[in-house]
Each structure stands twice: as C-alpha cells, then as structure tokens.
Ligand SMILES: [Zn+2]
C-alpha cells in the first residue's frame with residue numbers, strides 16, 4: 001500500500017465532505033446533499049461511505065476524497081494529500097516534501113501568514129499595542145474573545161514584517177507574493193498593514209489566508225483594509241468566521257450573516273451562533289454557494305441604517321437565485337449587531353433573531369413605508385412589486401400560501417386584484433437540469449455491486465457472466481468489460497480502479513448502481529440474479545429463433561426452417577425439464 005492508499009484507507013470521506021456539505025443519510029452506506037460544484041435546488045450530490053467516492057447525478061462531478069478536496073479548495077494533489085494526512089495524524093514521508101512548484105509556494109505563503117499573525121498578536125500584547133488595546137476595551141471585547149479571534153496589531157514602522165521575512169530567509173518574490181508588503185515607486189518594499197487593528201481571515205478549512213486591518217487613526221483611509229488578492233486569498237470566495245461557524249450552521253440549519261468583522265465577533269462573543277460576515281466586498285454568488293452547502297436557511301442582520309437596508313435588499317435576489325430561505329432581522333435604536341448585543345444583551349438579540357421576518361414581509365414593509373396606508377390603490381402597487389419576489393419561491397404550495405399571507409398582510413380584500421396576484425405567482429418557469437437516466441435491470445445492478453463486495457464474489461460473477469452472450473446488450477456492458485479485463489489481468493477488482501477506467505457516462509452509471517444498492521448481497525442473491533439473467537438470455541434466444549424461422553418459411557427455405565424449429569424445441573424441452 002503506498003502512502004496515498006494508506007491515507008485514503010484511514011480518512012472518512014463522509015466526514016471530509018461533511019465539513020463542506022450538509023449531508024443527509026440516503027441509504028445504508030450513502031449520503032446526499034446540495035452539490036458544491038454546480039448550482040442546484042434539490043440535492044443530487046451523493047457520497048458513498050464504504051466505496052469512498054462522491055458523485056453528482058446532475059453535473060457529473062465525482063471522484064475520491066483527494067479529488068474532492070482538490071476541487072473544493074482549489075489546491076493541488078500534494079496539498080490535499082498533506083491536509084488529509086494531517087487530519088488522520090499520519091506523518092508525511094520526507095520524500096513527499098518534494099512537491100510541485102505551486103504547492104511549495106503556497107506552503108511558503110501559508111507559513112508567512114502564520115508568522116505575520118504571530119507578530120501581530122505579540123504587538124497587540126506589547127507596548128506598541130496600547131492604543132489598539134484601548135480601542136478593543138472601548139468596544140467591550142473581553143481578553144478571551146481577543147484570544148479566540150486571534151486579533152492583533154500591525155505597528156507603525158512599516159518594516160516589521162519585512163525584517164522578519166528577511167531574517168527567515170524568504171526571497172523577494174515570495175515576500176511580494178505574500179500580500180503582506182507593498183512596493184514603492186523606487187522598488188523598495190514596506191509593510192502593507194500599518195497602525196491597524198488586525199483580524200486574521202481563514203479559508204473554509206481553517207487555514208489562515210489573509211488579514212483585514214481596521215484603521216486606528218481617524219485620518220487613515222480606508223477604515224478597513226483587506227489583504228490584496230493572492231494565491232491564498234480571493235475575497236469573493238471567503239467568508240469571515242465560516243471555518244468556526246460551519247459546524248454550527250449545519251447543526252442549527254441556519255446562518256446569521258452580518259456586515260462587519262466586529263459584528264461577527266460581538267454576536268459570537270455574546271454566545272449566539274453561527275455568525276459569518278462578508279469580507280470587504282459585496283456578497284457574491286460563490287459565497288452564497290459556500291453557505292448553501294451547510295444550510296439553505298439564512299438570516300440577514302445588517303446595520304439599521306439605509307445602507308444596511310439597501311445591502312439586504314440587494315442580497316435578497318442573489319440569495320433567492322440560489323434557493324436560500326431568507327429572513328431579515330431588524331434591530332432598533334440605531335444599534336449595529338455588536339452594539340445591540342452589548343447594550344440590550346444576548347437574550348434580547350436572540351428574541352429579535354427568532355422574530356426575524358420572511359423576506360417578503362420585510363420587502364412589503366419597505367414598499368409600504370412610502371405609501372398612504374389608507375389608499376387602496378397604493379396597496380395594489382405594493383402587491384405588484386411583490387409578485388416577482390413571491391414567484392421565486394420554488395415550491396408551488398408554499399408560493400400560494402405566501403401569496404395569501406401577503407395579501408392579508410397588506411390588507412387586500414378578495415377580488416380581482418387578489419385573483420390576479422394569485423394567477424401571477426402560480427406560474428413559474430424553472431429550467432431543470434436533469435441528465436437522462438439509463439435504467440439498469442435489477443439483476444444487472446445487483447451483480448455490479450456484488451463484484452465489489454469480495455474477491456470471491458467477484459470471481460463468481462465474472463466466471464458466470466462471461467459465458468452470457470446477452471451481456472453485450474446490457475446498459476452496463478462497458479463496465480462489465482472493464483471488470484472482465486481486470487480479472488483477466490489477475491488484478492483485484494476494486495471500485496476505484498474500475499471507475500478510473502470508464503468514460504464519464506459509464507462512471508455515472510456505475511455510481512448510480514452502487515448508490516442505489518443496499519449493502520452487501522448474499523451468495524443466494526447473486527446466484528438468483530445470474531439465473532435470472534440466464535433465463536432472459538434464453539428467452540431472447542428463443543424469440544430470435546422464432547423470428548428467423550418465420551422469415552425462412554416466408555422465403556420457402558423449408559429445410560433450414562425445420563432445422564431451427566428442432567433447435568427451438570430442444571431449448572424449450574430443456575427449460576421445461578429444469579422447472
Ligand atoms: Zn453537481
């Protein structure tokens with residue numbers, strides 16, 4: 001067993017995938033969830049626990065745990081191997097340190113982020129951090145919260161990290177690629193973050209990828225500065241605090257989305273979970289897809305000002321397009337989420353959270369705000385504005401219920417307007433991405449699964465099926481041919497090796513067969529399936545003979561027709577004797 005196989009045999013693919021996708025049990029050995037590799041509303045992404053593979057029936061994405069990690073994290077094989085090895089506590093063999101260039105650079109960049117983070121943390125504790133500490137104290141952050149979020153301080157000189165990286169022997173191209181320095185016009189370098197409170201930013205897997213820095217001096221612009229885009233940090237693909245919150249999101253089946261770093265920290269510190277924030281950017285569809293894998297339910301809790309409301313308004317469509325269930329949580333008295341928790345307490349915040357309105361009530365309120373409440377015409381206007389929003393609800397019954405509720409909420413009486421509203425929301429076009437399904441016979445599927453149960457079972461199936469001519473008509477013929485090929489070469493028939501030899505369409509078929517199977521098959525089941533295939537082969541042979549006999553008779557070829565009739569009778573006699 002090579003190192004890769006050793007890691008693969010110890011790592012649990014369901015656990016690894018489960019950190020990125022909310023999985024539900026779908027069969028004795030299989031789980032399903034929303035596919036992380038394409039945009040979808042109903043789950044078609046499956047993971048098989050014992051065969052250790054994943055497969056999406058809609059977009060066809062599939063493979064083993066390495067491929068999953070490489071694709072979801074956008075990393076190379078070496079990094080995926082290293083990360084999974086660390087996960088199972090298997091030390092990497094030395095020779096594996098010779099990775100490809102890209103993986104090596106990424107490893108160096110990670111190391112530089114960690115060094116910077118340690119430097120920032122030390123600064124915050126030391127003499128230089130006095131102002132930053134005063135700010136945190138003013139914002140009411142407890143020492144354990146500062147510790148938990150690993151906050152730091154970037155000192156003023158603009159040379160601290162440069163010096164540190166030099167001492168550690170990083171070369172200039174590495175330093176420039178780290179996103180932690182800037183270049184002056186004369187080509188000299190200086191630290192990117194200066195005199196700023198530092199928030200470390202992690203990727204979904206918990207690796208440190210970059211930083212945000214809040215200005216401490218009023219004259220420093222911008223107020224928040226994020227690491228530039230690097231090999232590690234793409235701001236549209238990162239959500240602040242997601243690596244800490246994701247388990248809670250799956251457990252609570254809900255995300256609270258806030259606007260700022262301090263909000264995420266303040267709400268979390270108040271004991272309310274799970275909170276994430278967008279990082280110095282507008283919410284992107286990639287970020288929504290990251291959240292959707294963990295839960296489709298989201299509560300937006302933005303600042304109670306016009307800017308916050310506008311952001312929420314903008315994000316609703318984006319979220320609905322990814323079929324998220326959106327609620328809006330509003331706070332009063334001009335307090336942002338962090339201030340609200342401190343001022344009113346966690347219980348009050350929680351109460352607001354539980355009372356958060358479905359997005360269309362919130363939109364209705366906003367639309368109504370500018371209208372005369374006594375003008376029936378104004379209500380119609382509001383209702384019309386709501387049609388497209390309600391139409392986005394995928395489920396028809398839910399949609400109709402929402403239409404009724406909203407009409408009642410706005411105060412529209414039964415009648416023409418309501419009928420029109422109902423009619424408008426009843427119709428909804430939806431493009432459904434479905435791959436054509438190829439049906440497998442039940443016996444065919446059973447044998448396909450049994451092959452992977454044990455070498456003895458594989459030998460039985462291969463021996464019996466090779467003698468069956470009709471296998472050439474099976475939908476799974478190419479899969480069986482691959483299996484026969486491996487058996488002939490004396491190799492053990494293993495799922496992933498068979499999978500690897502197939503074209504995509506057949507990989508899908510094989511995944512489908514294995515996912516639809518329910519656990520191990522007994523020897524009796526296998527023998528019965530082989531017998532059933534034999535019987536249908538015989539039946540096929542008989543009907544072929546009958547067709548040919550009729551043809552020969554039509555052409556007057558009596559001797560040949562007579563010979564085949566004899567053959568047919570012999571087959572039928574044999575079948576009767578068996579019964
Ligand atoms: Zn997919």
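Values in this text are rule-based calculations from the coordinates and carry no lab data. Every value quoted in this text rests on a predicted model; they were computed, and no experiment measured them. Reconstructed Cβ throughout: ideal geometry from the backbone, glycine too, with neighbour counts over all protein chains shown.
Structural remarks
- A prolate overall shape is assigned to the range 491-563, the ratio a/c of its alpha-carbon gyration tensor axes (a ≥ b ≥ c) being 1.5 or greater and a/b exceeding b/c.
- With Cα atoms, 0 to 90° folded angle of helix 359-369 axis to the chain main axis: 40 degrees
- Contact order, relative form, for the range 280-388: 23 percent (alpha carbon pairs under 8 Å, 6 or more residues apart, mean separation divided by residue count).
- Antiparallel %, DSSP beta bridges [both residues in the chain], to 5: 75 percent
- Peptides 127-134, 365-372, 80-87 ordered by packing proxy, namely the average of other Cβ atoms within 10 Å per residue, highest first: 80-87, 127-134, 365-372.
- Across the chain, the relative contact order, built from alpha-carbon pairs under 8 Å that are at least six residues apart, equals 9 percent.
- Considering only alpha-carbon pairs that sit under 8 angstrom and 6 or more positions apart, the relative contact order computed for the range 432-561 is 33 percent.
- Once the Cα gyration tensor of the range 254-380 is diagonalised, semi-axes √(5λ) in Å: 24, 19, 13
- With respect to the chain, whose longest principal axis is taken over its alpha-carbon atoms, helix 306-321 is tilted by about 0°.
- Under the shape rule built on the C-alpha gyration tensor, where the axes satisfy a ≥ b ≥ c, the range 433-525 is rounded, since a/c falls short of 1.5.
- Extension gain for residue 321 to residue 168 (0.36 nm times residue separation, less C-alpha to C-alpha distance): 50.3 nm.
- Burial ranking of peptide ranges 297-308, 213-224 (average Cβ count within 10 Å, highest at the top): 297-308, 213-224
- Virtual paramagnetic centre 7 Å along Cα→Cβ of residue 398, amide N under 20 Å, in the range 317-360: 317-329, 354-360
- Folded to 0 to 90 degrees: helix 558-578 orientation relative to the chain principal axis, Cα: 70 degrees
- The range 28-128: projected area of the alpha-carbon convex hull, averaged over directions, in nm²: 10.3 nm²
- Using a Förster distance of 25 Å, the FRET efficiency for residue 334-residue 229 (Cβ separation, nearest 0.05): 0.15
- Directionally averaged projected area (convex hull, Cα atoms, the chain), nm²: 39.9 nm²
- The range 335-376 and the range 134-200: distance between their alpha carbon centers, rounded to Å: 38 Å
- Centroid-to-centroid, using Cα positions, the range 1-48 and the range 494-515 are 16 Å apart.
- For 476, 454, order by how many other beta-carbon atoms lie within 10 Å, fewest first: 454, 476
- Highest-first packing order for the peptide set 69-75, 254-260 is 254-260, 69-75, based on the mean count of other beta carbon atoms within 10 Å.
- Prolate/oblate/rounded label for the range 240-323 (Cα gyration tensor, a/c 1.5): oblate
- Sites residue 505 and residue 26 - FRET efficiency at Förster radius 30 Å, r taken between beta-carbons, to 0.05: 0.85
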